[in-house]
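The following block contains the structure, expressed as structure tokens.
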Amino acid sequence: MTVHPLRSVLEVAEEELRHDVPGAATGLDFWGQASSEEARLQWLEKYALVLERALAAAEFVPLPMPDARCPPDGELLLAWAMHRTGAPLAVFPQCAKVENGVTRLGSAGSSTTCTVYRGPLRLEGFVRCTGTVVVLGDLTVDGRLTDGWSSDSALVVVGNETARVLVAAGDHIVTGNLTAEVLHVASEESSVVCGGALNASCLISEHWSAGEGHSFVVRPEELTALLERLEPRPETKVELDTLLDGLARGTWRLR
């Protein structure tokens with residue numbers, strides 16, 4: 001097999017993530033579970049081609065990723081290699097889009113790309129990811145953060161992550177501490193990998209349902225526990241999504 005000259009850069013970056021970046025080795029566990037050493041080397045070759053494209057650009061451009069790249073540990077490796085080699089990184093707010101009050105991180109309209117941001121990032125309001133988003137540094141969202149869906153987006157934070165409301169619907173890797181007032185795991189297909197401490201004041205999880213038109217449902221006891229902690233207490237029935245939005249805006253708070 002032909003060896004791409006940048007593969008050695010990725011191998012050095014992988015060693016650093018495993019041994020020198022606190023918590024990062026946890027996020028690379030999936031990477032280490034390749035079906036064989038040959039498969040692992042083939043993936044390294046694919047990511048070397050992406051790194052080559054990143055280094056050739058004068059400024060950051062969204063990076064098309066190889067197929068079947070879930071979970072996003074390969075993007076973690078790619079981002080760290082970009083950091084080591086001085087490849088251009090995405091910056092906020094230039095590399096973001098705001099529409100209808102929602103800040104969208106990542107490549108607008110494309111779910112098959114990776115966008116690597118220079119952190120730290122501190123954002124307010126409602127934030128969503130498109131494609132795979134990597135933040136090299138801490139990420140703080142004073143509001144609601146949704147990492148997307150497992151079929152089209154993911155989030156990697158090389159640092160600590162803090163959000164008032166975190167909706168984890170896709171694949172989510174944080175090398176440091178993950179802190180959320182409310183953590184909503186939106187499906188059984190979601191994965192949350194944390195290299196540091198996971199701190200959530202309230203956890204809401206969804207599970208498969210056989211009911212027609214209801215792929216995922218919240219366990220009643222979890223929703224009841226959330227309602228009992230809300231201040232002020234809603235006077236009428238409120239849907240979960242409305243509750244999460246209200247908590248993100250500060251309409252309600254948890255006691």
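The values are calculated or read from the model by the stated rules, or taken from the named source; none is laboratory data. If you're wondering where the values come from, they're calculated on a predicted model, not measured in any experiment. For neighbour counting, all protein chains shown are included, and Cβ atoms are generated from backbone atoms with ideal geometry for every residue, glycine included.
Limited to segment 138-151, what total is found for residues that are buried (at least 24 other Cβ atoms within 10 Å of the Cβ), touching a Gly at 6+ places or on another chain (Cβ under 7 Å) and at pLDDT 90 or above?
1
Among the listed residues Val21, Val3, Val9, Val50, identify the single one that is assigned to a loop (DSSP other than H, G, I, E, B), surrounded by 15 or more Cβ atoms within 10 Å (Cβ to Cβ) and either outside the structural domain of Val157 (by TED's automatic domain parsing) or in contact with a helix residue (DSSP H, G or I) (Cβ under 9 Å, 6 or more places away or on another chain) (or both).
None of the other options fit; the residue is Val21.
Filter segment 195-236 for residues that are of a type in the set (Val, Ile, Thr) and within 29 Å of Phe30 (Cα to Cα); which is modelled with the lowest pLDDT?
At the first step, the residues of segment 195-236 found to be of a type in the set (Val, Ile, Thr) are 204, 217-218, 224, 236.
The next check asks that each one be within 29 Å of Phe30 (Cα to Cα); those that pass are 204, 217-218.
Values: Ile204: 84, Val217: 61, Val218: 69.
Checking each candidate, the answer is Val217.
Condition check ((1) over 21 Å from Leu183 (Cβ atoms); (2) crowded, with 23+ Cβ neighbours inside 10 Å; (3) among the hydrophobic types (A, V, I, L, M, F, W, C)) across all residues:
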{"position": "Met65", "(1), (2), (3)": "yes, no, yes"}
{"position": "Pro72", "(1), (2), (3)": "no, yes, no"}
{"position": "Glu75", "(1), (2), (3)": "yes, yes, no"}
{"position": "Met82", "(1), (2), (3)": "yes, yes, yes"}
{"position": "Arg104", "(1), (2), (3)": "yes, no, no"}
{"position": "Thr113", "(1), (2), (3)": "yes, no, no"}
{"position": "Tyr117", "(1), (2), (3)": "yes, yes, no"}
{"position": "Cys129", "(1), (2), (3)": "no, yes, yes"}
{"position": "Val133", "(1), (2), (3)": "no, yes, yes"}
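Next question, about the same structure. Scan (1) within 21 Å of Ser153 (Cα to Cα); (2) without any contact (Cβ under 8 Å) to a residue 24 or more places away in the chain for the single condition Ala39 breaks and write down its number.
Only one criterion in (1) within 21 Å of Ser153 (Cα to Cα); (2) without any contact (Cβ under 8 Å) to a residue 24 or more places away in the chain is unmet by Ala39, namely (1).
Quick one: how many residues across segment 157-179 are at pLDDT 95 or above, touching a Gly at 6+ places or on another chain (Cβ under 6 Å) and small (Gly, Ala, Ser)?
2
Hey, can you tell me all the residues within segment 186-205 that are among the acidic types (Asp, Glu) and in contact with a Gly (Cβ under 6 Å, 6 or more places away or on another chain)?
Residues satisfying the conditions do not exist here.
Let me ask something else. Does Ala154 satisfy the criteria of being touching a Leu at 6+ places or on another chain (Cβ under 8 Å), surrounded by 15 or more Cβ atoms within 10 Å (Cβ to Cβ) and at pLDDT 85 or above?
When the stated conditions are applied, Ala154 does not pass them.
Can you spot a residue in segment 83-104 that is under 13 Å from the mean Cα position of the chain (by Cα) and part of a strand (DSSP E or B)?
Within segment 83-104, one or more residues are under 13 Å from the mean Cα position of the chain (by Cα) and part of a strand (DSSP E or B).
If you don't mind, there's one more thing I want to ask. Within the bounds of segment 64-80, is there any residue that is of a type in the set (Asp, Glu) and either assigned to a helix (DSSP H, G or I) or at pLDDT 90 or above (or both)? Reasoning before the result, please.
To start, the set of residues in segment 64-80 that are of a type in the set (Asp, Glu) comprises 67, 73, 75.
Within this subset, residues satisfying the condition of being either assigned to a helix (DSSP H, G or I) or at pLDDT 90 or above (or both) are 73, 75.
Yes, there is a match, as at least one residue in segment 64-80 is of a type in the set (Asp, Glu) and either assigned to a helix (DSSP H, G or I) or at pLDDT 90 or above (or both).
What are the residues in segment 223-255 that are assigned to a strand (DSSP E or B) and touching a Cys at 6+ places or on another chain (Cβ under 9 Å), if any?
Answer for segment 223-255, where residues must be assigned to a strand (DSSP E or B) and touching a Cys at 6+ places or on another chain (Cβ under 9 Å): just Leu254.
Checking Ser111 against (1) over 16 Å from Asp245 (Cβ atoms); (2) in a strand (DSSP E or B); (3) among the hydroxyl-bearing types (Ser, Thr, Tyr), only one condition comes out false. Which one?
(2)
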